[in-house]
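The values are calculated or read from the model by the stated rules, or taken from the named source; none is laboratory data. Fair warning: this is a prediction, and the values are worked out from it, not measured in the lab. With ideal geometry, Cβ positions are generated from the backbone for all residues, glycine too; neighbour counts draw on all protein chains shown. Calculation scope for accessible area: heavy atoms of the full protein, side chains included, ligands and nucleic acids excluded. Shrake-Rupley method; radii C 1.70, N 1.55, O 1.52, S 1.80 Å.
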Amino acid sequence: IQYTGATDADLVVRDDPRDAEAWDVDVEVGTGTLSFKWSSCCTDGFGLNPLNAFGCIDFHVTENVGIDGLRVWVNEDEYVDLELQEDFSLCLSD
C-alpha cells in the first residue's frame, strides 16, 4: 500500500516488526510505501499519528492477495469497516 498526504505523521503501530524492514516512510513529505505479508491466521496493520491536520490521506493498493476489508479506528472505542478498493482516501474534518 502507498499513501500520500500524511504530512508530519509517523508510524506509531507496526503490527508485525518483520514487515517494517520493507517500509519506506517520509514523515516530512507525508508519504509511505508499506508491504505486508498476511497469513490466514492473523491480522496485520499500522497506525499513523499525529493526524492533527484537516484534509485527506490518499491510499493506493499496489497488490492485494486475500485481503477482503479494511478497519479504520477513529479512537480506541470506535471503528469503521470499509471494503478495500485499489484507491481510497481517508479524510479528517473538524
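Has segment 49-58 got any residue that is aliphatic (A, V, I, L, M), modelled with pLDDT under 85 and surrounded by 10 or more Cβ atoms within 10 Å (Cβ to Cβ)?
Narrowing segment 49-58 to residues aliphatic (A, V, I, L, M): 51, 53, 57.
Restricting the remaining residues to those that are modelled with pLDDT under 85 gives 51, 53.
Cutting the leftovers down to surrounded by 10 or more Cβ atoms within 10 Å (Cβ to Cβ) gives us 51, 53.
The answer is yes; a qualifying residue exists.
Could you please tell me which pairs satisfy a Cβ distance under 8 Å, a separation of 6+ or placement on different chains, a first residue in segment 69-94 that is closer than 21 Å to Gln2 by Cβ, and a second residue that is of a type in the set (Phe, Trp, Tyr) and open to solvent by 70 Å² or more (accessible area, probe 1.4 Å)?
Short answer, once both residue conditions are applied: Arg71/Tyr79; Val72/Tyr79; Trp73/Tyr79; Leu92/Phe54.
Out of segment 78-90, which residues are within 21 Å of Ala9 (Cα to Cα) and over 13 Å from the mean Cα position of the chain (by Cα)?
Going residue by residue through segment 78-90, those that are within 21 Å of Ala9 (Cα to Cα) are 78-80, 87-90.
Glu78, Tyr79, Val80 - these are the residues of segment 78-90 that are within 21 Å of Ala9 (Cα to Cα) and over 13 Å from the mean Cα position of the chain (by Cα).
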